[in-house]
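Engineer: Let me begin by handing over the structure; questions about it come next.
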Amino acid sequence: MRKTFLMLLSAWLLPAALRACEVCSRNQPRALRNITHGTGPQGNADYLIIGSAAVIVLLTLFLSLKFLLRPGENEPTHVKHSVIEKM
């Protein structure tokens with residue numbers, strides 16, 4: 001019980017510790033306040049880079065989950081069948 005309580009307490013307090021400081025919050029654009037430290041995006045090109053990276057990451061996540069959960073190799077000559085048969 002104590003272990004569960006400590007884990008829940010740390011999960012509740014951890015996001016507060018990861019927020020940006022007051023100076024960084026003031027210097028960030030409205031959308032990124034309390035999320036990141038340091039300088040924010042300096043122009044539209046930075047937002048384009050961040051958006052492109054986010055799209056690539058989400059696409060990669062989707063495809064990796066898709067092929068992990070439903071690989072679709074049904075041919076009896078596929079290499080996975082030779083491995084499964086040896087087990």
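No value in this document is a laboratory result; all are computed from the given coordinates. Keep in mind that what you see is a predicted model, and the values were worked out from it rather than measured. Using ideal geometry, Cβ is built from the backbone for each residue, glycine included, and neighbour counts are taken over all protein chains shown.
Engineer: Whole-Hz ³J(HN,Hα) for each residue in the stretch 27-35, computed from phi via Karplus 6.51 cos²θ - 1.76 cosθ + 1.60 with θ = phi - 60°, x for glycine and proline: what do you get?
Structural biologist: Per residue, the Karplus-derived 3J(HN,Hα) values read 8, 8, x, 3, 5, 10, 5, 6, 10 Hz.
Engineer: Also, quick follow-up: Taking N as the number of residues in the chain, what value does Rg over Cα atoms divided by 2.2 N^0.38 Å take?
Structural biologist: It is 1.87.
Engineer: Rounded to the nearest 10 degrees, what's the angle between the helix 2-18 long axis and the longest principal axis of the chain, both from Cα atoms, 0 to 90?
Structural biologist: Helix 2-18 and the main axis of the chain meet at about 60 degrees.
Engineer: Where does each of Arg33, Arg26, Arg2 land when they are ranked from fewest to most other beta-carbon atoms within 10 angstrom?
Structural biologist: Lowest count first: Arg2, Arg26, Arg33.
Engineer: Excluding Glu85 itself, calculate the net charge of residues whose Cβ lies under 15 Å from the Cβ of Glu85, where each Lys or Arg counts +1 and each Asp or Glu counts -1.
Structural biologist: For residues surrounding Glu85, the net value is 0.
Engineer: Amide H to amide H, which residues 5 or more places from Ile35 or on other chains are under 5 Å from it, using H placed in the peptide plane?
Structural biologist: Those lying under 5 Å, H to H, from Ile35 are Ala20.
Engineer: Here's another thing I want to ask about it. Regarding the stretch 43-87, what's the average projected area of the Cα-atom convex hull, expressed in nm²?
Structural biologist: Its average projected convex-hull area is 4.3 nm².
Engineer: Taking only Cα atoms, what is the 0 to 90° angle, nearest 10, from helix 44-69's long axis to the longest principal axis of the chain?
Structural biologist: Here the helix axis deviates by roughly 30 degrees.
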